[in-house]
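Any read-out appearing in this document is the output of simple, stated calculations on the displayed coordinates, not a laboratory observation. Just so it is clear, the model here is predicted, and its values are computed rather than measured. Heads up, the Cβs are rebuilt from the backbone with ideal geometry, glycines too, and the neighbour counts pull from every protein chain shown.
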Amino acid sequence: MKKATLLLLVAALASLTELRAQSWIAGADFETKFDNREYSGNRFGESKTVFGVRLSPEVGVAWDDRNRLIAGVDLTHDFGDTAHFLSDVQPVVYYQFQSPNFQVNAGIFPRSKMLGRYSEAFFDEEVKFYHHRLQGLLANYRAEHGYVEFAIDWEGFRTEKQREKFRILSEGRWHDDRFYAGYSLMVLHYAKTLDETEDQGVVDNMLINPHAGVRFNAFFDFDIRLGYLQSMQRDRRTGGGWLTPKGGELHVSMSRWGLKLENRLFVGQNMLPLWKIYGHDLYECNTFFGVTDHIYNRTALSYGNSFFRRTLKVEAALVLQYDGVGCGLQQILKIGVNLEKVFTRTKK
């Protein structure tokens, strides 16, 4: 049924192209990712290997230079998953309005439409790969010296078996040639199913991250960012009131020729106090932020570059994770392709 609906939508878009549109669009976003995590010496990281591929072909129509209506499909496959032809198939359907400074996306659209550079205290890289689509609304405004964005991602539709879940995101940043300052914000609401049981509670999870930084060149390109993380979390089932873990995050990077050496240091409290109850259902962040020894450090040496007019992107990294207990090693290799062609039709 879902496949038939998607085919009908694509056919409808093709009809619109013939009848009314000034141009039509065809494109595809491809990414394959190898992420090997060896965390046996750590207390808070899970050893695993993420190795898979994602392909998101899209077609659509564009009119008046500012409007687009896009339909596509998000295809994901985990290498070695012999039980399924594809591990996951999800629709992509959205409207986009774009002017020189303002952009709105409504529907089911790729995460890449967002401008924000959220800390891994919000989203882990694995989440960005598998939770590739946002369902809801995204609006952002970009000016010469900064931007601001707001998004609603409705992640769970309430049914007898599925809990209601939605997330509000916002980020803003001001910058000049050297200094910048801004904030990142998340408000997560995790509710019950229609078939409620006594062990189900309504959970609120809020996180604010004001930050400031400086960028400069001294043979290498340096970026130094200092941020404060403040969370407010409440499980209404227990009636225990608000939990308010907090901490500071220092990010320092130096890069040249595509090579980058960066270090991220977190000092603070356990930012995942309800992890043992809700796990990944509540937290999509890097689990190392659940440290209880008040320190987490991530050091990475990476190479990243774009080729063929920025249509091909390659990234490789070797990462050392320390959680106050032990050290873990992570190896990453990503290859991405982004293609888009706009076919203009002369109006008769």
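Pairing each residue of region 215-238 that is surrounded by 15 or more Cβ atoms within 10 Å (Cβ to Cβ) with any residue that is among the acidic types (Asp, Glu) and part of a strand (DSSP E or B), provided the two are 6+ apart or on different chains, yields C-beta distances under 7 Å for 215/223; 227/249; 229/249; 233/204; 234/204.
If you filter region 30-81 down to residues that are of a type in the set (Gly, Ala, Ser) and not in a strand (DSSP E or B), you find that the one that is nearest to the chain's Cα centre (by Cα) is 45.
Only one of the numbered conditions (1) within 23 Å of residue 252 (Cβ to Cβ); (2) in contact with a Phe, Trp or Tyr (Cβ under 9 Å, 6 or more places away or on another chain) is violated by residue 179, and that is (2). Scan 64, 74 and give me the residue that is touching a residue at least 40 places away in the same chain (Cβ under 8 Å), out of contact with any Ser or Thr (no Cβ under 8 Å at 6 or more places or on another chain), under 27 Å from residue 141 (Cα atoms) and acidic (Asp, Glu). Answer to the check: 64. Among residues belonging to region 260-282 that are under 21 Å from the mean Cα position of the chain (by Cα) and part of a helix (DSSP H, G or I), point out the one that is farthest from residue 124 (Cα to Cα). Only one residue fits best here, namely 278. Counting the residues of region 143-153 that are farther than 10 Å from residue 173 by Cβ, out of contact with any Lys or Arg (no Cβ under 8 Å at 6 or more places or on another chain) and among the charged types (D, E, K, R) gives 1. Each residue in region 121-170 was checked for being over 23 Å from residue 75 (Cβ atoms), surrounded by fewer than 19 Cβ atoms within 10 Å (Cβ to Cβ) and acidic (Asp, Glu), and 3 of them qualify. When region 280-306 is limited to residues that are over 22 Å from residue 227 (Cα atoms) and in contact with a helix residue (DSSP H, G or I) (Cβ under 9 Å, 6 or more places away or on another chain), the one that is surrounded by the fewest Cβ atoms within 10 Å (Cβ to Cβ) turns out to be 280.
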